[in-house]
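*Asks:* I'd like to ask some things about the structure below.
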Amino acid sequence: MPRHAAFVTVARAILALMLALAAGVASAQAGRVVLAVGDVVAVRGADRVRLAAGTSVLAGDAVVTGASSHAQIRFADDALVALKPDTEFRIETYVYNGRVDGNERAVFRLVRGGFRTVTGQIGKVDHDRYSVVTTQATIGIRGTHFVLQECVADECRETPASDPYPPGAYCGVLDGRVAALTPYGNAEYGLREYFFVPTGAAPLRLIAPPTFLADNLKGRVLVARNAPADLHFPKVPAFPQGFAAPGAPFVYMATEDLDLGSLFDVGIDYVVGSDVYTLELASVDAAANPFTVDAANRVVAIDTPTLHASLGGASLVDTGAAADAGSLNWGRWNGAGSTIAQTLPNGDTVHNDGGNLHYIYGAAATSIPTSGTVSFSPVGGTRPTDSASGAVGTLISGGLVTVDFTQGNLALSGLAVGMGADATYSMSGSTRLVGPLFSTAGIGANASCAGAGCQPLVQGNFAGFLAGPGVTGVGLDYYFNTRPGSVIEGNVGYHRCAPSC
């Protein structure tokens with residue numbers, strides 16, 4: 001038999017076997033519904049079966065949710081899938097015999113809409129045994145928790161009045177790793193990374209999660225490790241911490257918003273610290289610039305949903321700029337005459353009129369590298385201030401910032417400030433990048449003080465952003481929580497070391 005004919009015969013035999021297997025598993029139970037709200041059905045051949053909690057779903061089913069409807073499915077291998085409204089999710093292949101024995105397999109297809117999932121046993125040993133197919137790509141896993149959204153033209157928007165996002169598949173990785181495989185190129189993404197796969201193109205890394213993809217989380221209150229229950233700090237960073245950890249089962253959040261601004265327009269990253277209450281950290285579209293500046297680009301007023309401030313008769317001091325570091329600008333408001341009103345996460349509005357307000361802002365980072373390690377050295381910053389005494393200190397050293405783009409980590413080392421004649425406060429630590437933003441909120445930095453003039457130190461933290469095309473700068477705000485309820489704070493701008501630090 002000719003080689004070509006033999007190949008065709010074998011191919012037909014394999015196809016026949018695959019069809020037979022598909023027919024055999026088409027009626028096999030794949031899992032059960034643990035939550036169904038609104039119009040949720042399984043399209044099963046010519047039938048439409050209404051789904052409710054406890055109902056089985058089968059291999060071959062297409063689970064469809066209507067508008068304002070959602071569902072959660074627990075699969076036999078303990079995977080959990082939460083379907084968003086207006087979603088069609090097909091269980092194309094599902095084989096699991098209660099153990100990982102080499103026969104298990106799961107192939108899903110997202111036709112429209114979106115879902116969030118914590119994967120189960122299938123794929124943990126052999127990653128090729130689990131996949132999600134979309135129009136643009138095949139999504140593979142490395143043991144993970146991720147969210148995926150399919151957007152058609154003019155469908156996905158931040159608000160009903162905003163411009164639509166480009167059509168394609170959008171994904172965010174909450175744990176583990178996700179591989180996006182396309183005919184135009186493949187890519188792999190890890191924890192707190194986001195990507196977009198346009199139709200007919202290779203995957204693209206996003207600098208921040210789209211608002212329709214991410215969770216709405218409040219900033220976390222800073223508390224000391226092993227602190228007394230009655231110890232409270234006035235410093236509350238308003239920083240998005242990323243996706244919430246799943247419960248059992250996790251609760252799908254119908255409104256999802258990280259408020260990180262536009263992904264496709266040039267924007268502004270900024271961090272503003274008023275030295276008593278909250279820390280503002282955000283990325284915004286350039287058109288939504290929250291700052292009013294003078295002729296020298298120094299900030300004289302700030303208007304955000306949680307911070308309303310005006311320089312008034314106060315002084316602008318410690319100002320500076322670095323064009324080669326993502327157009328960073330920084331400064332500090334000093335003395336009486338300013339008005340500073342902030343809304344805390346609990347809804348209370350507090351005032352720090354006449355207090356020290358430190359700011360640093362710059363051009364939002366674009367073309368963020370996906371690999372490599374880069375170090376950044378200080379170019380300037382504000383002098384630290386003590387909210388309790390009003391004292392102004394000295395920035396002894398801004399230290400060094402090192403960014404590992406491969407792992408998505410940022411580390412600070414060697415930052416040191418002096419307060420008074422005999423107190424030197426030092427800080428170091430590392431944290432994950434969330435798009436272009438970073439913060440040690442919730443985990444804390446390493447903080448210490450040397451000298452007879454040290455205040456009792458409770459905790460230290462830093463927060464900031466990456467700036468400039470290809471990341472040429474870093475803006476950072478640091479603060480030491482001390483007793484009784486005071487904050488020592490300042491900010492530092494950094495640029496890329498050339499050629500080395």
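The values are calculated or read from the model by the stated rules, or taken from the named source; none is laboratory data. Quick caveat, the model's predicted, so the values are computed rather than measured. No Cβ is skipped: glycine too gets one built from the backbone with ideal geometry, and neighbour counts run over all protein chains shown.
*Asks:* Can you tell me which of LEU279, LEU260 is at pLDDT below 80, surrounded by 23 or more Cβ atoms within 10 Å (Cβ to Cβ) and more than 25 Å from LEU204 (Cα to Cα)?
*Replies:* It is LEU279.
*Asks:* Answer yes if at least one residue in the stretch 467-484 is in contact (Cβ under 8 Å) with a residue 24 or more places away in the chain, part of a loop (DSSP other than H, G, I, E, B), in the same structural domain as SER274 (by TED's automatic domain parsing) and farther than 18 Å from GLY326 by Cβ, and no otherwise. Walk me through it before giving the result.
*Replies:* Of all residues in the stretch 467-484, those in contact (Cβ under 8 Å) with a residue 24 or more places away in the chain come to 467-484.
Filter once more, keeping what is part of a loop (DSSP other than H, G, I, E, B): 468, 470-472, 483-484.
Going one step further and asking which of them are in the same structural domain as SER274 (by TED's automatic domain parsing), we end up with 468, 470-472, 483-484.
Filter once more, keeping what is farther than 18 Å from GLY326 by Cβ: 483-484.
Scanning the stretch 467-484, I find at least one residue that is in contact (Cβ under 8 Å) with a residue 24 or more places away in the chain, part of a loop (DSSP other than H, G, I, E, B), in the same structural domain as SER274 (by TED's automatic domain parsing) and farther than 18 Å from GLY326 by Cβ, so the answer is yes.
*Asks:* Just to verify a result, which residue in the stretch 162-185, among those that are at pLDDT below 90 and in a strand (DSSP E or B), is farthest from LEU437 (Cα to Cα)?
*Replies:* The selected residue is GLY185.
Every residue, every condition in (1) in contact with a strand residue (DSSP E or B) (Cβ under 6 Å, 6 or more places away or on another chain); (2) β-branched (Val, Ile, Thr), yes or no:
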{"residue": "ALA46", "(1), (2)": "no, no"}
{"residue": "VAL57", "(1), (2)": "yes, yes"}
{"residue": "GLY60", "(1), (2)": "no, no"}
{"residue": "SER69", "(1), (2)": "yes, no"}
{"residue": "ARG74", "(1), (2)": "yes, no"}
{"residue": "ALA82", "(1), (2)": "yes, no"}
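*Asks:* Quick one: in the stretch 456-488, which of the residues that are in contact with a Lys or Arg (Cβ under 8 Å, 6 or more places away or on another chain) and under 24 Å from TRP333 (Cα atoms) is surrounded by the fewest Cβ atoms within 10 Å (Cβ to Cβ)?
*Replies:* VAL487
*Asks:* Residues that are in the same structural domain as GLY408 (by TED's automatic domain parsing) and not β-branched (Val, Ile, Thr): find the strands (runs of 3 or more DSSP E) completely inside the stretch 260-371 holding 2 or more of those.
*Replies:* 267-274, 278-285, 299-303, 307-310, 315-322, 328-334, 339-343, 357-363
*Asks:* Next up: Taking the stretch 120-161 as the region of interest, how many residues are assigned to a loop (DSSP other than H, G, I, E, B), of a type in the set (D, E, K, R) and loosely packed, with under 15 Cβ neighbours inside 10 Å?
*Replies:* Selection size over the stretch 120-161: 2.
*Asks:* A further question follows. Please determine, by comparing only the residues of the stretch 372-388 that are part of a strand (DSSP E or B) and in contact with a Phe, Trp or Tyr (Cβ under 8 Å, 6 or more places away or on another chain), which one is surrounded by the fewest Cβ atoms within 10 Å (Cβ to Cβ).
*Replies:* Result: THR373.
*Asks:* Mind listing just one residue for me: the one in the stretch 75-99 that is outside any strand (DSSP E or B) and either touching a residue at least 24 places away in the same chain (Cβ under 8 Å) or not assigned by TED's automatic domain parsing to the domain that holds GLY45 (or both) and, of those, farthest from ALA53 (Cα to Cα)?
*Replies:* Here the residue is TYR96.
*Asks:* Another one. Filter the stretch 100-119 down to residues that are in a loop (DSSP other than H, G, I, E, B) and touching a Leu at 6+ places or on another chain (Cβ under 9 Å), then give me how many there are.
*Replies:* 1
*Asks:* What number of residues within the stretch 405-455 satisfy the criterion of being in a loop (DSSP other than H, G, I, E, B) and either in the same structural domain as GLY190 (by TED's automatic domain parsing) or not polar (S, T, N, Q) (or both)?
*Replies:* Kept after step one, since they are in a loop (DSSP other than H, G, I, E, B), are these residues of the stretch 405-455: 405-408, 419-423, 435-436, 440-444, 451-455.
Narrowing further to those that are either in the same structural domain as GLY190 (by TED's automatic domain parsing) or not polar (S, T, N, Q) (or both): 405, 408, 419-423, 435-436, 441-444, 451-454.
Number satisfying all stated conditions: 17.
*Asks:* Conditions first: (1) part of a strand (DSSP E or B); (2) at pLDDT 95 or above; (3) surrounded by 17 or more Cβ atoms within 10 Å (Cβ to Cβ). ILE396 passes all but one, so which condition is the exception?
*Replies:* Evaluating ILE396 over (1) part of a strand (DSSP E or B); (2) at pLDDT 95 or above; (3) surrounded by 17 or more Cβ atoms within 10 Å (Cβ to Cβ) leaves (3) as the failure.
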